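What follows is a single structure, written as structure tokens, with notes after it.
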Amino acid sequence: MIDGGKGQLSAVVRVLQEMNLLDAVTVVSLAKKREEIFLPGESKPLDTDSEQPGVQLLRRVRDESHRFAVSFHRQQRMKSSRRSRLEEIPGLGFHRQKQLLAHFHSIDYIREADVKKLTEVSGIGEALAQEIYNYFHPNQ
């Protein structure tokens, strides 16, 4: 099932033809605006009722795939934004980044911690704690 109308379906059909898979794969598209279902080679949508069980199922599959994709991308962005700040600190490897995040639960709490609090994390000595503190407080 393709999320989109005739244009998206046509693009997928072209790719499937190039890969010699069009005969092996059944493909339809579900256009969001009017919940229209298109088949390859057809210019008009199938004559359906939006309350038909099959149409409702296709809609649920589409909506769930959207929900999954959006939550996955949010999760990836969060991981990336949390890690990228810590990766900039010299001497702070992946394992210690994980330990800091496990101990403080957020970058904000790491930023607020003084050197003494940072040394409470396993594997973070005085010198590295000072490096982390200096990274978040460059003017002090």
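The values are calculated or read from the model by the stated rules, or taken from the named source; none is laboratory data. Model, not experiment: these values are computed from the prediction. Glycine gets a Cβ as well: all are built from the backbone with ideal geometry, and neighbour counts include every protein chain shown.
Observations, loosely collected:
- Inclusion of Pro138 among residues that are over 30 Å from Lys6 (Cβ atoms), exposed (fewer than 11 other Cβ atoms within 10 Å of the Cβ) and over 24 Å from the mean Cα position of the chain (by Cα) is warranted.
- Pair list, Cβ under 6 Å, 6 or more apart: the stretch 27-53 residue closer than 14 Å to Gln8 by Cα, other residue small (Gly, Ala, Ser) and assigned to a loop (DSSP other than H, G, I, E, B): Ser29/Gly4; Ala31/Gly5
- Of all residues in the stretch 1-42 being basic (Lys, Arg) and under 26 Å from the mean Cα position of the chain (by Cα), the one that is modelled with the lowest pLDDT: Lys33
- Residues being crowded, with 16+ Cβ neighbours inside 10 Å, assigned to a loop (DSSP other than H, G, I, E, B) and touching an Asp or Glu at 6+ places or on another chain (Cβ under 8 Å) - total across the stretch 26-58: 1
- Residues located in the stretch 8-25, provided they are part of a helix (DSSP H, G or I) and either among the β-branched types (Val, Ile, Thr) or surrounded by fewer than 12 Cβ atoms within 10 Å (Cβ to Cβ) (or both): Val12, Val13, Arg14, Val15, Glu18
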